[in-house]
1. Let me confirm something: among Val36, Val23, Val50, Val63, which residue is out of contact with any Pro (no Cβ under 6 Å at 6 or more places or on another chain), β-branched (Val, Ile, Thr) and modelled with pLDDT under 90?
2. For the stretch 21-39, what are the residues that are free of Cβ contacts under 8 Å to residues at least 24 places away in the same chain and either not in a strand (DSSP E or B) or not aromatic (Phe, Trp, Tyr) (or both)?
3. In the stretch 1-20, which residue that is in contact with a Gly (Cβ under 8 Å, 6 or more places away or on another chain) and assigned to a helix (DSSP H, G or I) is nearest to Pro70 (Cα to Cα)?
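The values are calculated or read from the model by the stated rules, or taken from the named source; none is laboratory data. What you are looking at is a predicted structure, and each value in this text was computed from that prediction instead of being measured. For neighbour counting, all protein chains shown are included, and Cβ atoms are generated from backbone atoms with ideal geometry for every residue, glycine included.
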Amino acid sequence: MRLTAATPGSHLLEHLRTEPCAVAAWWIAADLDAVVRLSADSLTMLHRAVADLRRRGGAEVVVTLSILRPLDLSEATPANLAASA
């Protein structure tokens, strides 16, 4: 994500500290670019958290690169093979 030029990095930090979906964050370049890792129980909650980065966090640009989910590495059975398809 990229903050607006008028948004201080401290504003984003304050927002992330109160965002229940925020897991971790890293500054990428100066105080404008950051990577924010979010985790949510539903896509609705995740979409809300991403939208809030724009509305409340001061983000000018938010790009969602991927949504990760764990893979089941246990022994392959027909049930968990179908679930991963």
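1. Working: Val36 fails: modelled with pLDDT under 90; Val23 fails: modelled with pLDDT under 90; Val50 fails: modelled with pLDDT under 90.
The match here is Val63.
2. Going through the stretch 21-39, the residues free of Cβ contacts under 8 Å to residues at least 24 places away in the same chain turn out to be 23-30, 37-39.
If the condition is that a residue be free of Cβ contacts under 8 Å to residues at least 24 places away in the same chain and either not in a strand (DSSP E or B) or not aromatic (Phe, Trp, Tyr) (or both), then Val23, Ala24, Ala25, Ile28, Ala29, Ala30, Arg37, Leu38, Ser39 are the ones that fit.
3. Within the stretch 1-20, the match that is nearest to Pro70 (Cα to Cα) is Leu16.
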